[in-house]
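The values are calculated or read from the model by the stated rules, or taken from the named source; none is laboratory data. Because the structure is a prediction, the values reported are computed rather than measured. No Cβ is skipped: glycine too gets one built from the backbone with ideal geometry, and neighbour counts run over all protein chains shown. For accessibility, only protein heavy atoms count, side chains too; no ligands or nucleic acids. Shrake-Rupley method; radii C 1.70, N 1.55, O 1.52, S 1.80 Å.
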Amino acid sequence: MVIQQNISLQPFHTFGMDVKASLFAAFKTTDELQAILAQRAANTERILILGGGSNILFCNDFDGLVLKNEIEGIELVMETDEHFYVKVGAGVNWHQFVLYCVHHGYAGVENLALIPGSVGASPIQNIGAYGVELKDVFYELEAMRIADGEMVVMKKADCLFGYRDSIFKRAYQNKFVITSVTFLLHKKPVLNTTYGAINEELREMGVSNPLLNDIAQAVMNIRNSKLPDPTKIGNAGSFFKNPEITQTHYHQLKLQYPNLSGYPTSANKMKIAAGWLIEQCGWKGFRKGDAGCYQKQALVLVNYGKASGNEILQLSHEIVSSVFEKFGIMLEREVNVM
Ligand code: EPU
């Protein structure tokens, strides 16, 4: 397998900065990956595994080896009366996988239509949207340990899924390359329309008895109306997580800001829409140079062309400070900064 030198990462991530990797290798099979790992000059080299590159902000060139996962394939591996078990190569584009499922009547991922990125990246931050998270449809994954090239299988409990979080963002960060994910999908759709916007959109579409493809279409319409298309405007989706605050803090704020919306979480806390907080601080639509806060969804930071990673990062720090000053809430980043 070829390890290339000094490669531009611009085509491989959605924020669009022209940064370089000192070493770069793409692989289409686990054998190819194993060969690349065996060929590495030193075990101490930094490694970065890229899927769709849709949750990363590069502030510098990457001095180390970038591994680009291009393992393809979607396979129905098992069926029961109620479920389909579908094994998917980590390099498969997430949205293509969703469309495949909708087309084949595999239910469970339709609310996750149009999320950018690859299937292999989906467990890392437990992607989620419109009331569904990856963990709801996850069965198991296969991964290769970088240290010795051994393949391991991890079940749901091993992955420690949380809100936009898993063991792969923590103890296992850059220790494993996910090579496939197996999903547990339903034969009888359990449609999740708990998220208000989906019902509204279905009404507008004139659909009263939605099928899988109606839900996927509703989600695609909503996303297209608020989220910037990364092929046109550089971005990495939500830049921050929606913060959790205590009930007491919530009630204090609610007196001052009656429009504050939040919903209770299991830990007896309230989850608050970070987009709303940012908008209240006046950032929505803000632009300095080519770095901006998207005008239709304040949670998304955008690169209008030539913004550097540091300009976006600087803007994010200013947003964090002003939200903290106004609301006493410290926003946490969702995007990985390199
Ligand atoms: N809001 C504003 N102003 C804004 C943006 C949002 O007031 O500029 C308020 C609205 O009132 C809205 C509420 O925030 O009712 C929630 O907004 P939205 O439905 O757009 O969702 P979100 O909470 O901002 C989360 C996820 C998205 C996911 C959507 C839909 C996080 C960090 N983000 O955003 O995920 O698509 O819900 O489920 O949890 C991503 O992770 O990259 C991502 C895009």
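Quick rundown of the values:
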item: Spin-label proximity, Tyr257 to region 265-295 - amide N less than 19 Å from point 7 Å beyond Cα toward beta carbon; result: 265, 269-286, 293-295
item: Gyration tensor (Cα) of region 139-205, equivalent ellipsoid semi-axes in angstrom; result: 34, 15, 10
item: Heavy atoms of Tyr257: accessible area, 1.4 Å probe, square angstrom to 10; result: 40
item: Mean accessible surface per residue for the chain, computed with a 1.4 Å probe while every protein chain stays in place, in Å²; result: 47
item: Sum of side-chain charges, Cys293 neighbourhood, beta-carbon under 14 Å (Lys, Arg +1; Asp, Glu -1); result: +1
item: Residue order for Ser261, Ser266 - accessible surface, 1.4 angstrom probe, largest first; result: Ser266, Ser261
item: Fluctuation leader among Met151, Met205, Met220 - the chain, Gaussian network, Cα springs under 10 angstrom; result: Met205
item: Val2 paired with Asp158, simple spin-label distance in nm, labels 7 Å along Cα-to-beta-carbon; result: 3.4
item: Rounded if a/c under 1.5, otherwise prolate or oblate - region 239-289, Cα gyration tensor axes; result: oblate
item: For region 83-138: rounded, prolate or oblate by the Cα gyration tensor [a/c cutoff 1.5]; result: rounded
item: Per-q log10 I(q)/I(0), region 234-337, q = 0.15, 0.22, 0.23, 0.25 Å⁻¹ (Debye; single scatterer per alpha-carbon; no solvent); result: -0.59, -1.12, -1.20, -1.37
item: Potential extension, Asp165-Thr265 segment - 0.36 nm per residue separation minus Cα distance; result: 34.4 nm
item: For the chain: relative contact order, % (alpha-carbon pairs under 8 angstrom, 6 or more apart); result: 16
item: Kirkwood Rh and Cα Rg combined as Rg/Rh, region 160-270; result: 1.02
item: Centroid-to-centroid separation of region 266-338 and region 123-172 [C-alpha atoms, Å]; result: 26
item: Average projection area in nm² (convex hull over Cα atoms of the chain, one quarter of hull surface); result: 17.7
item: Binned Cα-Cα distances of region 74-186, short to long, each 5 Å bin given as a whole percent; result: 2, 12, 24, 27, 19, 10, 4, 1, 0
item: Peptides 305-311, 102-108 ordered by average Cβ neighbours within 10 Å, highest first; result: 102-108, 305-311
item: Quotient of Cα Rg and 2.2 N^0.38 Å for region 22-127, N being how many residues it contains; result: 1.24
item: Protein-only accessible surface order, largest first, of Arg46, Arg40 at 1.4 Å; result: Arg46, Arg40
item: Sites Asp81 and Ser208 - FRET efficiency at Förster radius 25 Å, r taken between beta-carbons, to 0.05; result: 0.30
item: With every protein chain in place, the chain: carbon and sulfur % of accessible area (1.4 Å); result: 49
